[in-house]
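As structure tokens, the structure follows; a few thoughts come after it.
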Amino acid sequence: MIAKKAMLIDITLCVGCNACQVACKEENGLSDKEEQILSPTAYTVLHEFNGTYVRRMCQHCVDPTCVSVCPVGAFTKTAAGPVLYDENKCIGCRYCMQACPFQVPRYEWDNNYPRVQKCKFCASRLEKGLQPACAEACPTGATKFGDRDDLIREAHERIKAEPEKYVNKVYGLEEVGGTSILYISSVPFEELGFKTNLSKIPLPALTWNALSKIPTVVAVGGVFLYGVWWITNRRTEVQQLEAKLREMDDRSNGHETSNS
Amino acid sequence: MKQILSKITFWKATAGLIFTAGLYATYVRFVDGLGASTNLSDDFPWGLWVGFDVITGVGLAAGGFTLAAMVHVFNLKRFEPVVRPAILTAFLGYTLVILGLMYDLGRPLQIWHAIIMWNPRSVMFEVAWCVMLYTTVLALEFSPVVLEKFKLTKTIKFIKRITIPLVIVGVLLSTLHQSSLGSVYLIAPDKLYGLWYSPYLPFFFYISAIAVGCAMVIVESFLSARAFHRGLEMDILADIARVGVVMLGVYLSFKTVDLIERKALGLLFLPRYETYLYWLEMVVGVFGPMILLAQRKFRENHNGLFAGALMIVVGFIINRMNTSITGFEGWAGKGYFPSWMELAVTLSIVVFGFVAFALAVKYLPIFTHAEHEELSPPADEWAKDLQTVSQLR
Ligand code: SF4
Ligand code: SF4
Ligand code: SF4
């Protein structure tokens, strides 16, 4: 099995140089203007909170909501971790955007045959054994690429080594069932625009809960409806009764005639 | 006479205006894209076209399966006269939903992908399939009306023969997707405001769809009675209203249990924008019509019945709009109001629906069911049977 890849983002090390965005834009051939909000041409951006910089990008969830909601399976989760989008399948319902708990997928609103856009975790680079362009470009090691298990261990070690510096939490470890992008920070996460009350279970479980009842609904519902029809539809029964009575009448009539 | 004439011209002019605006909006939508024609954004990817044209539209068309079930499965043959208009509304409704979807989907030419590219984990996938199949069922259920016009008795006979399985399949498909439209939102527990998010969403959507299905049958009977100077089946409609009231009662009690279970009763009294809209939806769509229609003197009175049914419909629309739009505004941190082009398209679709309904009623045997006895005998034959049997006894 391929080891699950991840990136550890140590917010305390980020200096806000934007090298990740520059490298990403170059790697993906996007317009090189600097952007502060995720967009179809910015797969990663820096959000600033009082001098602290937070990199935002697709979290490449372990059990991704976008993959589960897409009616045509345009999103897929690859074995190594990247969550990828296929514009040739997409019908443009934007359920992925409505459902993503991190509000990541962006839409080409100005295109009349638009695509959904988001970070690709440099899947083609990973296949070649390279690390993502943004991780490579990061001058301080604030973004570090590696195996998810190793990076989780490392995150905990860094927190243990300097407990007075870090808040004791690895963000992304269990949010919506875990993500491939992990964060550690010295500022409480809720002050940095992170959603800290996300459920621990993967969101697809919530809809699956309803979807998995379909066979039962169909089976029980079908039998119920058919049964109700059978019981209420006494018309045929009455017709039979009628026929029987007529037959009996005929017979007794016949009897009488033969008697006389 | 002059008055009537000016009235007709007024409505024609209004419809013409709406269609012109809708046509222009259509041009902008398909040439310049969604960004140019709508107020949608990355923070608000679903707006009026999903909320009203699809989510609300499917609900408003629920009368078709409700009435078909009552008459054909539960054998309440008394309701037979209103089945046809209900099926017609449903069929038109679903057609318009698909039309609306073509505007909203970013890549409408690939809509058929749902047929071959499967993702059974997706609620949307299930809804797509159910809507597809159910629209086919509705077309079949409605086909005798058209076939009668062309006197294709053989085909009609065949369709009559498969009526029961067809109706049962239709009811099952409707049960699935009416509730699944609620399941669509189960995925967003952190985004959808607590007054609307609930693990029972599928159930709420289902029950309210049945209630509004009943209400729609009443409303459209009234409107077509006025337009075509027909009489009204008051006793039947009043009984359908009763079914609606019972559904609202079930809805209300589960809504209450749900808020208690989630310890969310406090939300009912927070001084917030969502609170007011929630109360609006409940007062107009649930409390109001329940109080009104539970009383015989209103239920069996023309205006009372119409008002009650209309309230259910309006309340239902507010509920679906709240669930799909209002409930997300807090999370998105911004409001959404449709652009005039979004409104123009939606209004055009609605007007188009009215026109199509009117034309169908005018040219097809929709409300003239009694004259076609030889083709759909049940009600009277049943009575005759009973008579014979009791006589024989
Ligand atoms: S963050 Fe959103 S877009 Fe990225 S994998 Fe998770 S659900 Fe999908
Ligand atoms: S917009 Fe495209 S990728 Fe997103 S859920 Fe819809 S079909 Fe799938
Ligand atoms: S992983 Fe690749 S696509 Fe994603 S932000 Fe980094 S450089 Fe961009």
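The values are calculated or read from the model by the stated rules, or taken from the named source; none is laboratory data. Here the structure is a predicted model, which means the values were calculated and not measured. Using ideal geometry, Cβ is built from the backbone for each residue, glycine included, and neighbour counts are taken over all protein chains shown. Protein only, heavy atoms only, side chains kept; ligands, DNA and RNA dropped before computing areas. Shrake-Rupley method; radii C 1.70, N 1.55, O 1.52, S 1.80 Å.
Before moving on, here are some points about what is shown:
- Look at the alpha carbon pairs under 8 Å that are at least 6 residues apart: their mean separation over the length of the range B:267-355 gives a relative contact order of 25 percent.
- A full extension of the chain between A:VAL15 and A:VAL223 corresponds to an added length of 68.4 nm, given 0.36 nm per residue minus the alpha carbon distance.
- Trypsin sites (Lys or Arg not before Pro) within the range B:139-199, DSSP loop, no more than 13 other Cβ atoms inside 10 Å: B:LYS151
- Local net charge near A:LEU211, Cβ-Cβ under 14 Å (Lys/Arg +1, Asp/Glu -1): +1
- Percent RCO, i.e. relative contact order, over chain A, from Cα pairs under 8 Å lying at least 6 residues apart: 23 percent
- Spacing of the modelled spin labels on B:LEU23 and A:VAL167, each 7 Å from Cα toward Cβ, amounts to 5.8 nm.
- Accessible surface computed residue by residue for chain B, with neighbouring protein chains in place and a 1.4 Å probe, gives 44 Å² per residue.
- Between the beta carbons of B:TRP118 and A:ILE231, assuming R0 = 56 Å, the FRET efficiency works out to 0.90 to the nearest 0.05.
- Within straight-line cross-link reach of B:LYS151, lysines at Cα separation under 19 Å, skipping those fewer than 8 residues along the same chain: B:LYS160, B:LYS362
- The value of relative contact order for the range A:83-198, using C-alpha pairs under 8 Å at least six residues apart, is 13 percent.
- Of the trypsin sites (Lys or Arg not before Pro) found in the range B:194-259, those in coil by DSSP whose Cβ has at most 13 other Cβ atoms within 10 Å are B:ARG230.
- As a calculated quantity, the FRET efficiency between B:PHE337 and A:PHE49 at R0 = 35 Å, using C-beta atoms, amounts to about 0.70.
- Surface per residue (accessible, 1.4 Å probe) for the range A:10-166, Å²: 42 Å²
- For B:LYS154, a cut-off of 19 angstrom between C-alpha atoms picks up these aspartates and glutamates, skipping any fewer than 8 places away in its own chain: B:GLU141, B:GLU371, B:GLU373, B:GLU374.
- Taking 4.7 Å between C-beta atoms as the pairing limit, chain A has these partnerless cysteines: A:CYS14, A:CYS17, A:CYS24, A:CYS61, A:CYS70, A:CYS90, A:CYS93, A:CYS100, A:CYS122, A:CYS138.
- Peptide A:96-103 has a mean shielding of 6, counted as Cβ atoms of other protein chains within 10 Å of each residue's Cβ.
- Spacing of the two label points (7 Å from each Cα toward its C-beta) at A:MET248 and A:GLU26, in nm: 9.8 nm
- Computed with a 1.4 Å probe over protein heavy atoms only, the accessible area of A:ASP110 comes to about 130 Å².
- DSSP loop trypsin sites (Lys or Arg not before Pro) with at most 15 other Cβ within 10 Å: longest gap in chain A: A:34-127
- A 1.4 Å probe, protein heavy atoms only, puts the accessible area of B:MET124 near 40 Å².
- Entries in A:LYS160/B:LYS191; A:LYS77/A:LYS213; A:LYS4/A:LYS33; A:LYS165/B:LYS263; A:LYS118/A:LYS200 that, when Cα-Cα distance is taken, lie over 29 Å: A:LYS160/B:LYS191; A:LYS4/A:LYS33; A:LYS165/B:LYS263
- Sparse-neighbour loop sites [GluC sites (Glu not before Pro); the range A:63-170; at most 13 other C-beta within 10 Å; DSSP]: A:GLU164
- Pairwise FRET efficiency - B:ALA36 versus A:THR41, Cβ, R0 = 30 Å, nearest 0.05: 0.95
- Helical segments meeting 20 Å axial Cα length and Kyte-Doolittle 0.0 threshold in chain B (DSSP H): B:2-32, B:83-104, B:123-149, B:163-183, B:201-228, B:234-261, B:302-321, B:340-363
- Carbon + sulfur, % of accessible area of the protein assembly as shown - ligands and nucleic acids excluded, 1.4 Å: 64 percent
- Once the convex hull of all Cα atoms in the protein assembly as shown is built, its volume per residue stands at 213 Å³.
- Modelled label reach - B:LEU364, point 7 Å along Cα→Cβ, the range B:213-230 residues with backbone N closer than 18 Å: B:217, B:220-221, B:224-225, B:228
- Computed lengthening from B:THR136 to B:LYS160, 0.36 nm per intervening residue step minus Cα-Cα distance: 7.1 nm
- Computed per residue of the protein assembly as shown from DSSP H runs no shorter than four, each worth -39500 (n - 2.57), the mean residue ellipticity at 222 nm is -18000 deg cm²/dmol.
- Accessible heavy-atom area order of B:ILE111, B:ILE318, highest first, probe of 1.4 Å: B:ILE111, B:ILE318
- Surface burial for B against A, with a 1.4 Å probe and both sides summed, reaches about 5700 Å² of accessible area.
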